Amino acid sequence: MRIDYKNKRLERILIGVNALTSAMVAASFVILFGGFKEPLLPEVILYTIQVVLLCIFVVEKIIRFSNSVSKVDFWRANWFEIPLMLGVAAIGAGRWFALTKAEAVEVRHFAVGIYLVIQVVAKLCRTSVNLAASGKSPTQTLIASFLVLIISGAGLLMLPRASTGENLSFVDALFTATSATCVTGLIVKDTGRDFSLMGQVVILTLIQLGGLGIVIFGAVFALLLGQALSLRESAAMQDLLSARTLSRIGNMIAFIFIGTVFIEAFGTVSLFGMWNDVPGQVANVHQQWFYSIFHSVSAFCNAGFSLFSDSFVSYNRSWGVYVVVCPLIILGGLGFGVLYDLVNTAADRVKRFFKKLFYKRYRLSMETPKRLRLQTKIVLSVSTCLIVLGMFALLLFERYAGRGNPTEHSNILGALFQSITARTAGFNTVDVSAMSASSRFVLILLMFIGGSPGSTAGGIKTVTLAVVLMTAVAALRKRQEVEMFKRSVRIVVVGRAITVTLLFVAVLFIATLALSITENSNGFIMSDIMFEAGSALGTVGLTTGITPSLTTAGKLIIIATMLIGRLGPLTLLAALTFNIKAARYNYPDEAVIVG
């Protein structure tokens with residue numbers, strides 16, 4: 001919701017004050033809970049500073065209320081401030097509780113902290129949405145949000161309390177934060193062993209925010225607080241979500257939030273009993289719940305982070321890996337647009353069934369049933385083909401890849417899991433370094449293809465692959481248009497698909513060449529280097545084991561590759577060329593020979 005203010009200059013000053021105050025709030029929490037060996041400031045001073053910051057936020061709201069053109073619109077956008085302040089005031093009074101003086105002080109500190117956190121989160125979310133709707137390239141806002149998230153996460157992971165041993169170096173913290181934000185899963189430190197609970201929570205938060213996007217969370221937060229998106233904000237969300245109609249943006253965002261919460265909660269509950277299969281891995285019930293939440297979020301966001309040193313190798317015979325983790329990976333890789341279409345189509349079929357059953361007079365006047373979009377059909381068909389073909393290819397190459405006898409990796413469930421996870425998730429139930437060279441080449445192809453558009457997955461995407469393949473088929477059949485499921489694909493989409501594929505190929509070869517130079521002293525073979533580059537570019541996280549041994553330059557190359565793979569080369573080019581105007585002229589054509 002856009003609010004107009006009388007004094008624009010005063011509003012700009014308040015925006016600066018808000019940014020500075022929010023930064024001071026974050027700094028106060030870092031100093032309080034960062035786990036420094038020696039406190040930088042006494043706790044009394046820090047808590048006093050937080051109370052002052054709270055007062056600044058309150059005064060800022062009063063000034064903005066006075067400066068707003070419409071008081072009604074202002075309170076509609078900030079209605080939660082009143083109950084929040086009343087709650088803080090009630091707790092601050094401390095007269096309703098039978099508490100000691102020390103306990104009352106702790107409760108007041110907690111209430112002030114909660115208020116400040118809500119204020120900072122609300123301002124951050126609204127700022128991200130406003131920037132996306134500022135009229136500039138939404139992709140620039142997307143890139144900026146990822147960079148801010150990565151740098152903030154790296155800073156938190158460098159805190160003493162985030163690690164169980166020595167503090168992380170800046171490069172290792174940046175690598176881990178980038179891998180978590182880009183939902184890749186490549187690690188230079190063992191997530192379960194080298195990070196404390198605080199560090200694991202930071203990684204989990206980066207996975208969730210990076211998987212769905214901080215701008216989307218900003219829109220969700222606004223809708224939860226009853227703030228309707230303006231037309232410009234809805235248009236920005238439409239661009240970021242690749243949605244077809246502007247009127248359904250609110251429904252789409254609500255579906256993303258509710259769907260994410262429901263699927264991850266269902267995965268958490270389903271995984272809870274799995275940790276009993278390997279005695280000694282999980283110590284108590286609280287840890288069991290945390291492991292369930294962590295791996296459910298990591299699987300649905302296709303992140304591939306695991307709290308076990310060997311990923312799921314110890315659980316390769318557990319039912320939960322195949323019945324719970326695999327569906328979570330698949331759902332996360334399909335994309336919310338496809339899931340939204342499937343849910344809408346299924347709901348329409350159910351509604352029509354009951355109308356026919358109970359309201360017979362509507363049988364002849366019912367609307368045409370909803371049909372799946374072309375995008376959904378392509379995603380489902382290509383995803384199914386890749387899973388099945390990948391499974392059979394891995395089975396074949398592991399059984400008969402120059403060995404003449406079956407191997408321990410050649411069982412159907414293992415091949416199925418690796419075929420699913422290689423498309424972007426990054427978990428593994430077998431030792432990837434022990435697989436044959438041909439099997440690893442299949443995994444590189446699957447990682448290069450990735451998941452589907454609008455999902456948490458990386459790669460060129462399934463729809464891109466389908467368009468490129470059908471372009472070749474159309475040329476062989478001497479057809480003028482690319483056709484799929486009795487529908488024609490626009491020439492602009494064909495050009496975009498070819499461009500994305502060529503850019504991914506270029507980045508893969510450049511990253512591989514750069515790593516072969518920087519890692520020359522380590523003696524890695526070229527197949528391992530290409531596998532590492534393909535895993536980073538596809539935001540997968542599978543590795544042959546060379547990641548922790550990379551040089552500093554090699555880690556920086558992988559960081560850049562992960563970021564490019566998550567955002568997409570075409571997105572980066574679009575951000576760089578946003579202000580370039582299209583040419584208004586064409587040159588004469590002339591025949592050339594290809595092929």
(1) open to solvent by 10 Å² or more (accessible area, probe 1.4 Å); (2) under 19 Å from the mean Cα position of the chain (by Cα) all hold for Asn302 apart from (1)
Note on Leu389: of the conditions (1) surrounded by fewer than 23 Cβ atoms within 10 Å (Cβ to Cβ); (2) more than 25 Å from the chain's Cα centre (by Cα); (3) of a type outside the set (Gly, Ala, Ser); (4) at pLDDT below 90, unmet is (4)
List every residue pair whose Cβ atoms lie under 7 Å apart, where the two residues are 6 or more positions apart in sequence or sit on different chains, the first residue falls within the stretch 166-177 and is without any contact (Cβ under 8 Å) to a residue 12 or more places away in the chain, and the second residue, located anywhere, is surrounded by 15 or more Cβ atoms within 10 Å (Cβ to Cβ). Asn167/Met158
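Would you mind stating whether Val430 is surrounded by 17 or more Cβ atoms within 10 Å (Cβ to Cβ), more than 21 Å from Tyr340 (Cβ to Cβ) and touching a residue at least 24 places away in the same chain (Cβ under 8 Å)? If you could, list the steps in order and put the result at the bottom.
On the way: surrounded by 17 or more Cβ atoms within 10 Å (Cβ to Cβ): yes; more than 21 Å from Tyr340 (Cβ to Cβ): yes; touching a residue at least 24 places away in the same chain (Cβ under 8 Å): yes.
Against the criterion (surrounded by 17 or more Cβ atoms within 10 Å (Cβ to Cβ), more than 21 Å from Tyr340 (Cβ to Cβ) and touching a residue at least 24 places away in the same chain (Cβ under 8 Å)), Val430 qualifies.
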First in the stretch 2-14 and touching a residue at least 12 places away in the same chain (Cβ under 8 Å), second anywhere and of a type in the set (D, E, K, R), Cβ under 7 Å, 6 or more apart: Ile3/Asp73; Tyr5/Glu11; Leu14/Glu60; Leu14/Arg64
Take the residues in the stretch 270-286 that are surrounded by 14 or more Cβ atoms within 10 Å (Cβ to Cβ) and closer than 24 Å to Gly199 by Cα; name whichever of them is modelled with the highest pLDDT. Leu271
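Which of the helices (runs of 4 or more DSSP H) contained wholly in the stretch 136-228 include at least 1 residues that are at pLDDT 75 or above and surrounded by 19 or more Cβ atoms within 10 Å (Cβ to Cβ)?
Working: elements: 138-157, 170-181, 191-194, 197-212, 214-224.
By residue number, 138-157, 170-181, 191-194, 197-212.
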Taking only pairs six or more apart or across chains, which ones have beta-carbon atoms under 8 Å, a first residue in the stretch 346-369 that is part of a helix (DSSP H, G or I), and a second residue that is exposed (fewer than 11 other Cβ atoms within 10 Å of the Cβ) and modelled with pLDDT of 70 or more? Asp348/Pro369; Arg349/Pro369; Arg352/Pro369
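Could we say that Phe312 is at pLDDT 85 or above, of a type in the set (Phe, Trp, Tyr) and more than 27 Å from Gln375 (Cβ to Cβ) here? Lay out the reasoning, then the answer.
Working: at pLDDT 85 or above: yes; of a type in the set (Phe, Trp, Tyr): yes; more than 27 Å from Gln375 (Cβ to Cβ): yes.
When the stated conditions are applied, Phe312 passes them.
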Can you spot a residue in the stretch 12-26 that is among the aliphatic types (A, V, I, L, M), farther than 19 Å from Arg126 by Cα, touching a helix residue (DSSP H, G or I) at 6+ places or on another chain (Cβ under 8 Å) and open to solvent by less than 80 Å² (accessible area, probe 1.4 Å)? no
Per-region count, the stretch 305-344, residues open to solvent by 30 Å² or more (accessible area, probe 1.4 Å) and not in a helix (DSSP H, G or I): 4
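From the list Ala466, Ala457, exactly one residue is within 29 Å of Ala425 (Cα to Cα), among the hydrophobic types (A, V, I, L, M, F, W, C) and in contact with a Lys or Arg (Cβ under 9 Å, 6 or more places away or on another chain). Which is it?
Details: Ala466 fails: in contact with a Lys or Arg (Cβ under 9 Å, 6 or more places away or on another chain).
Exactly one of Ala466, Ala457 is within 29 Å of Ala425 (Cα to Cα), among the hydrophobic types (A, V, I, L, M, F, W, C) and in contact with a Lys or Arg (Cβ under 9 Å, 6 or more places away or on another chain), namely Ala457.
Hey, among Ser439, Ser365, Ser419, Ser410, which residue is closer than 24 Å to Tyr315 by Cα, small (Gly, Ala, Ser) and at pLDDT below 85? I'd like the intermediate steps shown before the answer.
Numbers: Ser439 fails: at pLDDT below 85; Ser365 fails: closer than 24 Å to Tyr315 by Cα; Ser419 fails: at pLDDT below 85.
Exactly one of Ser439, Ser365, Ser419, Ser410 is closer than 24 Å to Tyr315 by Cα, small (Gly, Ala, Ser) and at pLDDT below 85, namely Ser410.
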Is it the case, given these coordinates, that Leu416 is assigned to a helix (DSSP H, G or I) and open to solvent by 10 Å² or more (accessible area, probe 1.4 Å)? yes
Might you let me know whether the stretch 287-295 holds any residue that is modelled with pLDDT under 85 and open to solvent by 30 Å² or more (accessible area, probe 1.4 Å)? yes
Can you find, within the stretch 112-135, the residue that is modelled with the lowest pLDDT among those that are open to solvent by 20 Å² or more (accessible area, probe 1.4 Å) and not in a helix (DSSP H, G or I)? Gly135
Looking only at the stretch 531-552, which residues are open to solvent by 50 Å² or more (accessible area, probe 1.4 Å) and farther than 16 Å from Gly304 by Cβ? Ser549, Thr552
Give the residue, chosen from Ala553, Ala536, that is closer than 18 Å to Gly451 by Cβ and modelled with pLDDT of 90 or more. Ala536
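Only one residue in Val493, Val482 is surrounded by fewer than 16 Cβ atoms within 10 Å (Cβ to Cβ), aliphatic (A, V, I, L, M) and modelled with pLDDT under 90, so which one is that?
Val493
The values are calculated or read from the model by the stated rules, or taken from the named source; none is laboratory data. Please read these numbers as outputs of a predicted model, since none were measured by experiment. Note that each Cβ is placed from the backbone with ideal geometry, even for glycine, and that neighbours are counted across all protein chains shown. Keep in mind that these areas ignore ligands, DNA and RNA; they rest on the heavy atoms of the full protein, side chains included. Shrake-Rupley method; radii C 1.70, N 1.55, O 1.52, S 1.80 Å.
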